[in-house]
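Comments concern the structure below.
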Amino acid sequence: LYSIILFCVFLWIPFVYFYYEEKEEDDGHTCSQVKTALKYTLGFITVCAVLLLIGAFVPLNIPNKKNSTEWEKVKLLFEEFGSSHGLTALSFSISSLTVIGMLAAITYTAYGMSALPLNLIKGTTSATYERLENTEDIEEVEQHLLRIKSKCRDGRPLSSRDRRAVQQLEERLRTLRRRERHLESIEKSWWTKFCEAIRPLKIVWGVFFIIVALLFTVSLFLSNLDKALHSAGFDSGFIILGTNLTNPLNMLLPVLQTVFPLDYILITTIVMYFIFTSMAGIRNMGIWFFWIRLYKIRRGKTRPQALLFLCMILLLIVLHTSYMIYSLAPQYVMYGSQKYLVQLAINTSVYGQNMSSFFHLFCVNEYYLPSFLDQCIVTRTYLFLHKFWFFSAAYYFGNWAFIAVFLIGLIVSCCKGKKSVIEGEVDEDDSDMSDDELSVYY
């Protein structure tokens, strides 16, 4: 599955993207478009090959710290993972993509976790009210245009300042008229009437989503705080083998694992939640490269290249979700519902014989006994995620950034008013888009 993800990210999606780019720029033969797309895709394949080579030969023998038992345990975990260069190369490549997915999750998922529920709770403005306001704006702009053009009735040319003003006002008027067509279509749409009917259900879902978001944030904060207080530090990737500060998800998942498949259902729900919030964040923000907005995601008008970018971003975010689940429930990912055997001597005797008792304790228990930790088998998933300590350190700091962006997004979403009913549908920079088929989308 990881290899399929590498194939999609480094070969298939780039090839289709550049094919569409070439198709828009050149109306030539398909063969030339395929050749050009393959030429650009070769760069992505080269990057993938470099990552695989670095992962296969990167040295992992990090100097050991003296008098650091936690570090020795971490080093034993690395050695237990095995010496397979192919698996190490795959782990390095996937970890590199996961770091990119972490940046995407910080940008889109963290904001979507706050924007989605609050937008559901607040709702949107009335289409009728917006249309009345838009009509007033149209009349105001038309009057302003008439006042400026009235200056040249006697044959005198307009000044350069007035010509610029006329051009800006005409562009503004075109945008307002496009808004009016959209608002009229939405006002008559059956979908708008249906959304108004299920408004109470939207509020309930919004409250539920904000509670889940706060639960995830608190769990992530406690997990990161535990690493900050009890791990061996930066050189070990902030890895800890026990749990000193537990959280609700860390306690719930091992219990659900005892009844198949309740834990899988919860994990699937968590992953779907991250996907929905990520899509909400991308929908509200658009696709950006640093400070440059590349594409907008809009119903019925999204370009094929934007959809490909959307698929790639969601793939990378799902990759990062693997580590996010570890951050939310570290002991579950590390040991699952395993138990270890403890023998305790009882200071009583029955018929003159000393008695001893055996107990089975969960490996996920926060009061684990380190002397019995060798009875617990660490999962392959945990070792795959922590093959390289520097990636673990990057994920640790990324979690703090995720929490910070979520809190900032929550404050911004609370301060913002209701969204427009045609939010993002009509902008001045896309006035060339056709509105001939509005009834199809509304």
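So the values come out like this:
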{"quantity": "Solvent-accessible surface ranking, highest first, for Cys8, Cys414, Cys376 at 1.4 angstrom", "calculated": "Cys414, Cys8, Cys376"}
{"quantity": "Å² per residue, accessible surface of the stretch 127-187 at 1.4 Å", "calculated": "69"}
{"quantity": "Sulfur and carbon atoms: percent of accessible area, the stretch 127-187 [1.4 Å]", "calculated": "45"}
{"quantity": "Overall form of the stretch 92-218 per C-alpha gyration tensor (a/c, 1.5; a/b vs b/c)", "calculated": "oblate"}
{"quantity": "Sequence ranges 396-405, 108-117, 231-240, 141-150, ranked by mean other-Cβ count within 10 angstrom, highest first", "calculated": "108-117, 231-240, 396-405, 141-150"}
{"quantity": "Cα pair count fraction exceeding 20 Å, expressed as % - the stretch 127-187", "calculated": "36"}
{"quantity": "Rule-of-thumb Rg ratio for the stretch 215-326 [Cα; 2.2 N^0.38 Å; N residues]", "calculated": "1.35"}
{"quantity": "Accessible-area ranking of Val259, Val333, Val34, largest first, probe 1.4 Å", "calculated": "Val259, Val34, Val333"}
{"quantity": "Alpha-carbon centroids, the stretch 27-52 and the stretch 216-271: separation in whole Å", "calculated": "41"}
{"quantity": "Pairwise centroid distance, computed over Cα atoms, of the stretch 299-320 with the stretch 80-149, Å", "calculated": "12"}
{"quantity": "The stretch 294-304 - phi-based ³J(HN,Hα) in whole Hz, Karplus 6.51/-1.76/1.60, Gly and Pro as x", "calculated": "7, 9, 10, 9, 9, 5, x, 10, 6, 6, x"}
{"quantity": "Calculated from backbone phi, Karplus (6.51, -1.76, 1.60) coupling profile of the stretch 196-205 in Hz, x at Gly/Pro", "calculated": "5, 6, 9, 4, x, 5, 4, 5, 4, 5"}
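The values are calculated or read from the model by the stated rules, or taken from the named source; none is laboratory data. Remember, it's a predicted structure, so these values are computed and weren't measured experimentally. No Cβ is skipped: glycine too gets one built from the backbone with ideal geometry, and neighbour counts run over all protein chains shown. Note: accessible area is taken over every heavy atom of the protein model, side chains too, but ligands, DNA and RNA are not part of it. Shrake-Rupley method; radii C 1.70, N 1.55, O 1.52, S 1.80 Å.
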